[in-house]
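Laboratory data are not the source of any read-out in this text; all were calculated from the coordinates shown. The structure presented is a predicted model; accordingly, all values stated were derived computationally and were not measured. Cβ placement follows ideal geometry from the backbone for every residue including glycine, while neighbour counts extend to all protein chains displayed.
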Amino acid sequence: MEKHKITLEPDPVIEAYKKDVDRTLIRENLKLTVEQRIEDLMRLQQFAEELQRAGRQAKPRR
Amino acid sequence: MTNFPELIRLFSSSGVEFIIIGGMAATAHGSARLTKDLDLVYRRTPENIARLVAALAPYSPYLRGAPPGLPFRWDETTIQRGLNFTLVTSLGALDLLGEVTGGGSYDDLLIDVVRLQLFGVECLCLGLERLIYVKRAAGRPKDFEAIAELEAILEERQRG
């Protein structure tokens, strides 16, 4: 439905950040369907939660 | 973990008028960044608020980060009196926004949405350009990386 054009003038701060964007990840994501992108996100969420749980339970090595 | 498919199906099947924004909208457009909550702009008509309240009531909505035991009531009066709600529910973290900076209300945003067929239902998602515009308008330093990625997505799309 995007009916009208939004003009986004380049912002120097954002342009600086843009240099570090990994475009290979974007290109891979753009090959997926929207549902696949959201399913990937949920898998990543699950993994992040598992890492956080493991981090909380981690004991310092003696 | 936020159950994005269930939340979207729940609101769609209940006739709630909403627009997906924020990190989930970014994911839909191709972002590889992790987001943990679902941000929705809901239409603030009495009918839609009634549908929203009825749909979410079985999932124990409560103010996210608030101490337990506050006299928070999930009802139409609460939604009418407030505007934006950051909630935790049994389906995960959910932000319900009556308005967004740089975007306005549901009706203001309608001109810049895309229709998505998602998990068996049709729903509205904020268009990429408007999503960038809204994130820029929020002016939060924590969003700079996300905005940069969204603008890179826009460039990649335009390159075809």
key: Calculated on alpha-carbon atoms, Rg and Dmax of region B:97-152 in Å   = 12.3, 36
note = Treating every alpha carbon of the protein assembly as shown as one equal point scatterer without solvent, the Debye formula yields log10 I(q)/I(0) values at q = 0.08, 0.09, 0.15 Å⁻¹ of -0.31, -0.39, -1.04
remark   = Once Lys and Arg are counted +1 and Asp and Glu -1 for all other residues with Cβ under 15 Å from that of B:I8, the total becomes -4
query = If you bin every alpha carbon distance in chain A into 5 Å steps from zero, what whole percent lands in each bin?
reply = 4, 12, 10, 12, 16, 18, 12, 8, 5, 2, 1, 1, 0
request  = Determine, for B:T27, B:T101, the number of other Cβ atoms within 10 Å of each Cβ, and report the residues in order from fewest to most.
outcome  = B:T101, B:T27
inquiry  = Straight-line reach from A:K59: which lysines fall under 28 Å, measuring Cα to Cα and dropping same-chain residues less than 8 apart?
reply    = B:K36
task = Check cross-link reach from A:K5 to the lysines: straight Cα distance under 23 Å, and skip same-chain residues fewer than eight apart.
result = A:K18, B:K135
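Quick check on region B:19-114: what does the Kirkwood estimate of hydrodynamic radius come out to from the alpha carbon pairs, in Å?
On the way: mean 1/r = 0.0704 Å⁻¹.
It works out to 14.2 Å.
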Principal-axis tilt of helix B:144-159 within chain B, Cα atoms, nearest 10 degrees = 50
remark   = Note, B:I79: beta-carbon cut-off 14 Å, +1 each Lys/Arg, -1 each Asp/Glu, net -1
note = Ratio for chain B, C-alpha Rg to 2.2 N^0.38 Å, reads 1.03
note = Least to most buried among B:E151, B:E129, B:E76, by other C-beta atoms within 10 Å and fewest first, runs B:E76, B:E129, B:E151
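In deg cm²/dmol and to the nearest 500, what is the mean residue ellipticity at 222 nm of the protein assembly as shown if only DSSP H runs of at least 4 residues count, each as -39500 (n - 2.57), divided by the residue total? It would help to have the intermediate numbers written out before the result.
On the way: 10 runs with 105 residues, N = 222.
Value at 222 nm, helices only, nearest 500: -14000 deg cm²/dmol.
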